[in-house]
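The values are calculated or read from the model by the stated rules, or taken from the named source; none is laboratory data. Remember, it's a predicted structure, so these values are computed and weren't measured experimentally. Note that each Cβ is placed from the backbone with ideal geometry, even for glycine, and that neighbours are counted across all protein chains shown.
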Amino acid sequence: MKLSAVQKVKEITSRDFLINYMKPCRPLILENFVDKESPAFKKWNYEYFKKTAGKTKVSIYGGELESIDRAASKPIGETTFSEYLDLITSTPTEHRLFLFNLLSIKPEMKDDILYNDVTKGKILKWLPFMFFGGEGSITRNHIDIDMSHVFITQFQGIKRIWLFPWEQSDLMYKLPYNFHSLTNIKNPDYKEYPALRYLNGYEAVIKPGETLYIPSGWWHYIQYETEGYSVSIRALPSSWLEKWRGFKNLVVTRHFDNIMRNIFGDKWFNYKVKKAHRKAQRAIAKIKV
């Protein structure tokens, strides 16, 4: 597996970004995608969040390797948002929040973020998502089901993100009819998963104020180097192929997989594992030709 550093820029024109990064789907770290004068950088902190929504019940998620057969892992517990923030600031923990969006609970907080929009209006400013995690927590290697372009801005802490293009899905042992990888790429077992040796991706380390652009359909494996939180916004897929993939994933693929899993159980999962290995072997053979 080979990882190259993602390029970082302080300033970039919309024309340069759209032509040289968004259209060809190349990742980039933007240092000024969110305006540094945004109220969020002055107002937001854990104490502010506790006062804002500290009593809200949240579901806690842990490691995901044990639920590799599912599109999403199940929560391991429930607590208040305030208690969760106390946890991640007091000790390293793999616990993270999934599908808890403070910005939907307190929509007025969306106005605290001012964007320097290099996409010329493609980003969906009205649909931000917020993510929290403890030091050492991870989000397993996956592609986003809707195939959107994603802009992740770090506000607290440091994240390390590995990125791989859609074209390397077979080398990744992508589970058929799912949107995540069969393997643990952090500690790869090259004997069991030899195709991982041929991966050629990128590594991005983002700090507060920095934004990582993840192109449509790209794999991303997110690691919390420290506790922290980030905000992501999306831009709809650009090409008709990406739009079709996103539509098919949302409307057809995930529902088909759920039906087959309910009917056949482990047999369906084992079939998908075997198919992922076959496709990986074919991908290796193509590289060696």
Matching residues in the range 239-260 - criterion: being in contact (Cβ under 8 Å) with a residue 12 or more places away in the chain and among the charged types (D, E, K, R): Glu242, Lys243, Arg245, Arg254, Asp257
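Take the residues in the range 204-228 that are hydroxyl-bearing (Ser, Thr, Tyr) and crowded, with 22+ Cβ neighbours inside 10 Å; name whichever of them is farthest from His95 (Cα to Cα). Full working, then the answer.
Taking the range 204-228 as the starting set, the residues that turn out to be hydroxyl-bearing (Ser, Thr, Tyr) are 211, 213, 216, 221, 224, 226.
Those still in the list that are crowded, with 22+ Cβ neighbours inside 10 Å too: 211, 213, 216, 221, 224.
Numbers: Thr211: 23, Tyr213: 25, Ser216: 27, Tyr221: 16, Tyr224: 11 Å.
My answer is Ser216.
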Flagged in the range 77-121 as polar (S, T, N, Q) and more than 21 Å from the chain's Cα centre (by Cα), in numbering order, are Thr79, Thr80, Ser82, Thr89, Ser90, Thr91, Asn116
Could you tell me whether Tyr177 is surrounded by 13 or more Cβ atoms within 10 Å (Cβ to Cβ) and either under 30 Å from Ile19 (Cα atoms) or modelled with pLDDT of 95 or more (or both)? no
Within the range 76-100, take every residue that is surrounded by fewer than 16 Cβ atoms within 10 Å (Cβ to Cβ) and assigned to a loop (DSSP other than H, G, I, E, B) and give me the one that is modelled with the lowest pLDDT. Leu99
Show the residue pairs that are 6+ apart or on different chains and have beta-carbon atoms under 6 Å apart, the first residue being within the range 75-100 and in contact (Cβ under 8 Å) with a residue 40 or more places away in the chain and more than 17 Å from Met130 (Cβ to Cβ), the second being of a type in the set (D, E, K, R) and in a strand (DSSP E or B). none
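Looking at Tyr213, Tyr271, Tyr190, can you tell me which residue is part of a strand (DSSP E or B) and not small (Gly, Ala, Ser)?
Details: Tyr271 fails: part of a strand (DSSP E or B); Tyr190 fails: part of a strand (DSSP E or B).
None of the other options fit; the residue is Tyr213.
To keep it simple, each residue is scored yes or no on (1) touching an Asp or Glu at 6+ places or on another chain (Cβ under 7 Å); (2) of a type in the set (A, V, I, L, M); (3) more than 20 Å from Ile29 (Cα to Cα).
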site	(1), (2), (3)
Ser104	no, no, yes
Gly134	yes, no, yes
Asp144	no, no, no
Pro165	no, no, no
Scanning the range 118-148 for residues that are aromatic (Phe, Trp, Tyr) and in a strand (DSSP E or B), the one farthest from Lys248 (Cα to Cα) turns out to be Phe132
Go through Leu171, Leu163 for me and flag whichever is in contact with a His (Cβ under 8 Å, 6 or more places away or on another chain), within 18 Å of Tyr202 (Cα to Cα) and either part of a loop (DSSP other than H, G, I, E, B) or not β-branched (Val, Ile, Thr) (or both). Leu163
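Return yes or no: is Thr226 within 30 Å of Ile123 (Cβ to Cβ), β-branched (Val, Ile, Thr) and modelled with pLDDT of 95 or more? If you could, list the steps in order and put the result at the bottom.
Details: within 30 Å of Ile123 (Cβ to Cβ): yes; β-branched (Val, Ile, Thr): yes; modelled with pLDDT of 95 or more: yes.
So Thr226 passes the test.
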Give just the number: which of (1) over 11 Å from the mean Cα position of the chain (by Cα); (2) modelled with pLDDT of 95 or more; (3) of a type outside the set (Gly, Ala, Ser); (4) within 20 Å of Phe98 (Cα to Cα) does Pro165 not satisfy? (4)
Those residues of the range 19-57 which are crowded, with 16+ Cβ neighbours inside 10 Å, over 20 Å from the mean Cα position of the chain (by Cα) and not in a loop (DSSP other than H, G, I, E, B), in sequence order: Ala40, Phe41, Tyr46, Phe49, Lys50, Thr52, Ala53
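Based on this model, can you work out whether Tyr61 counts as among the hydroxyl-bearing types (Ser, Thr, Tyr) and at pLDDT 95 or above? Lay out the reasoning, then the answer.
Working: among the hydroxyl-bearing types (Ser, Thr, Tyr): yes; at pLDDT 95 or above: no.
Spelling it out, it is not the case that Tyr61 is among the hydroxyl-bearing types (Ser, Thr, Tyr) and at pLDDT 95 or above.
Which residue is nearest to Tyr213 (Cα to Cα), if the candidates are limited to the range 1-18 and must be outside any helix (DSSP H, G or I) and among the charged types (D, E, K, R)? I'd like the intermediate steps shown before the answer.
Our first condition is that a residue be outside any helix (DSSP H, G or I); within the range 1-18, this holds for 1-13.
Those still in the list that are among the charged types (D, E, K, R) too: 2, 8, 10-11.
Numbers: Lys2: 20, Lys8: 10, Lys10: 13, Glu11: 14 Å.
Here the answer is Lys8.
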Ile185, sole failed condition from (1) in contact (Cβ under 8 Å) with a residue 60 or more places away in the chain; (2) in a helix (DSSP H, G or I): (2)
